[in-house]
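Engineer: Let me give you the structure first, and then I'll get to my questions.
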Amino acid sequence: IDVCRSKIKETTEAKLIIDNFGTPPLSLMKDLDKIIYLSTKGDLLFPEDLNSVLGFIVSCNRMKSYLSKAETLNIDLAFFGKTLFDLSNVSDEIETCIRNNQVSDNASSELRSIRNKIIRNKENVKNKLDDMLRSKKECFSDSYVITRGGRSVLPVKKTHKNKIKGSVVDKSSSGETYFIEPDSVKKLTDELDWLLID
């Protein structure tokens, strides 16, 4: 009987709050149990997971604000909002580190540094290859750098393939063009692979 009376009191108070302040902003809890389980195990969380956490925290803050207004009714249920933790430090961190479901450069100074090195590395590779394209025009079937298998390569005419030292990454369906990664950029592209892993 006591439990029933307590529940009826809560329901009555909830109806009073809704009548005075409208529908409560209920929080989304999509995959939250799984995310919490993974994080307590120290597993990797993806940006989408962190955005789900952020959505939940934002919803909790809205509920806290909603219940705070309801405290003017001086009923027990309205003060439930005081039991919700303020997780603004967590939400601020997620907002800083995750943008458009991607880890932002602002996530850490180390990440920013690595991404800047990747940009410089790619520019160096492109500049070296562009120089080769200009200096040995007769060797190439096209005048631009091509990507094959994730590698930046030059489109070398079959008749000149021995003039460009490097690794053959692919060849055209006709067999007239060889896509070669020159030895002069191999070190840079290997370095790029390590940077991408980092």
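Engineer: May I ask you to say which residue of Asp92, Asp33 is under 30 Å from Leu196 (Cβ atoms) and in a helix (DSSP H, G or I)?
Structural biologist: Only one candidate passes the filter, namely Asp92.
Engineer: Before we move on, is Asn116 open to solvent by less than 90 Å² (accessible area, probe 1.4 Å), under 24 Å from Asp190 (Cα atoms) and not basic (Lys, Arg)?
Structural biologist: Judged against the criteria, Asn116 is a match.
Engineer: Looking only at region 177-198, filter to residues that are open to solvent by 100 Å² or more (accessible area, probe 1.4 Å) and either outside any helix (DSSP H, G or I) or at pLDDT below 90 (or both); which one of those is farthest from Ile119 (Cα to Cα)?
Structural biologist: So, considering only residues that are open to solvent by 100 Å² or more (accessible area, probe 1.4 Å) and either outside any helix (DSSP H, G or I) or at pLDDT below 90 (or both), the one farthest from Ile119 (Cα to Cα) is Lys187.
Engineer: Same structure, new question: Filter region 140-176 for residues that are outside any strand (DSSP E or B) and among the polar types (S, T, N, Q); which is surrounded by the most Cβ atoms within 10 Å (Cβ to Cβ)?
Structural biologist: The selected residue is Ser141.
Engineer: Restricting to region 40-63, and then to whatever is open to solvent by 60 Å² or more (accessible area, probe 1.4 Å) and outside any loop (DSSP other than H, G, I, E, B), can you tell me which residue is nearest to Arg99 (Cα to Cα)?
Structural biologist: Within region 40-63, the match that is nearest to Arg99 (Cα to Cα) is Glu48.
The values are calculated or read from the model by the stated rules, or taken from the named source; none is laboratory data. Just so we're clear, the structure is a prediction, and the values are computed from it rather than from any experiment. All Cβ positions, glycine included, derive from the backbone under ideal geometry; neighbour counts span all protein chains shown. Just the protein is used for accessible areas: all its heavy atoms, side chains included, with ligands, DNA and RNA removed. Shrake-Rupley method; radii C 1.70, N 1.55, O 1.52, S 1.80 Å.
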